[in-house]
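The values are calculated or read from the model by the stated rules, or taken from the named source; none is laboratory data. Owing to the predicted nature of the structure, the values given are computational and were not obtained by experimental measurement. Note that each Cβ is placed from the backbone with ideal geometry, even for glycine, and that neighbours are counted across all protein chains shown.
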Amino acid sequence: MMILLLRKTDVVNILNDIVKTIEDNRQYLTDLDAAIGDADHGINLDRGFKAVRDKMTQFSDKDIGTILKNVGMVLVSTVGGASGPLYGTFFMRMGNVVSGKNTLDENDIVAMFEAGLSGIKERGKAQVGDKTMIDSMEPALNELKKALSEGRGLKEAIEAAANNAYNGVLMTKDIAAKKGRASYLGERSIGHQDPGATSAYLMIKTVADYVDKLQQ
């Protein structure tokens, strides 16, 4: 089976697709956040990723690691609330593990995801079941690794990861928040879908959609 590699141009294209995805879902994410948070998750993310798009020409000719680290720094400096430092850390940690690379293979993608998720856990002091972005990210990573270990290939593995991320999003409706502004609501947060888990899923789904088109 041919190993699918993601090139630097693919990474830039994916980032631009994520910008569009967040823009398209800005109101949806904000509405989810209005129920249990500050009603600004979509607004903040949209501002941050548009800043990424606007500054992309300054670093898009660099290696993949440098591109991702720059994305992280832009998000930290432009996204308000908790999601800026968390997503910023995610992209910077991903960049660190692929420093100097101009192509990514399956092992690189797993290592990036592991490093990024680890950064979010360290920064946010959260875990699965706390009703955060981790509730979609960790199931996605676990499914990605499982699918690749079974030899299913990157396209199918990322698609499976996105599906598992969505299952994680749905699960957040059934649990009480233990972190962030939503935790102040306690049991009253049950029944509401977590906006952070949702935005994380949307990004993973965007990657899956791009990889799917790449192999057609």
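Some points to look at:
- Within the option set 52, 79, 74, being in contact with a Pro (Cβ under 9 Å, 6 or more places away or on another chain) and among the aliphatic types (A, V, I, L, M) holds for one residue only, 79.
- Region 14-65, residues that are among the charged types (D, E, K, R), within 21 Å of residue 209 (Cβ to Cβ) and out of contact with any Lys or Arg (no Cβ under 6 Å at 6 or more places or on another chain): 17, 20, 23, 24, 26, 50, 53
- Looking only at region 76-91, and only at residues there that are hydrophobic (A, V, I, L, M, F, W, C) and in a helix (DSSP H, G or I), the one that is surrounded by the most Cβ atoms within 10 Å (Cβ to Cβ): 90
- Hits in region 142-159 (condition: part of a loop (DSSP other than H, G, I, E, B) and either under 24 Å from residue 132 (Cβ atoms) or modelled with pLDDT of 95 or more (or both)): 150
- Sub-6 Å Cβ pairs linking a first residue in region 77-92 that is on the phi > 0 side of the Ramachandran plot to a second residue that is part of a helix (DSSP H, G or I) and at pLDDT 90 or above, at least 6 apart or interchain, are 81/44, ordered by first then second residue.
- Which listed residue, of 162, 182, is modelled with pLDDT under 95 and in contact with a helix residue (DSSP H, G or I) (Cβ under 9 Å, 6 or more places away or on another chain): 182
- Residue 69 vs. criteria among the basic types (Lys, Arg), buried (at least 17 other Cβ atoms within 10 Å of the Cβ) and either touching a residue at least 60 places away in the same chain (Cβ under 8 Å) or in a helix (DSSP H, G or I) (or both): yes
- Flag if residue 135 is touching a helix residue (DSSP H, G or I) at 6+ places or on another chain (Cβ under 9 Å), of a type outside the set (A, V, I, L, M) and surrounded by 22 or more Cβ atoms within 10 Å (Cβ to Cβ): yes
- Filter result (surrounded by fewer than 22 Cβ atoms within 10 Å (Cβ to Cβ) and either closer than 17 Å to residue 88 by Cα or not charged (D, E, K, R) (or both)) within region 107-118: 107, 110, 111, 114, 115, 117, 118
- Candidates 33, 17, 61, filtered to the one that is among the charged types (D, E, K, R), assigned to a helix (DSSP H, G or I) and either free of Cβ contacts under 8 Å to residues at least 12 places away in the same chain or crowded, with 18+ Cβ neighbours inside 10 Å (or both): 33
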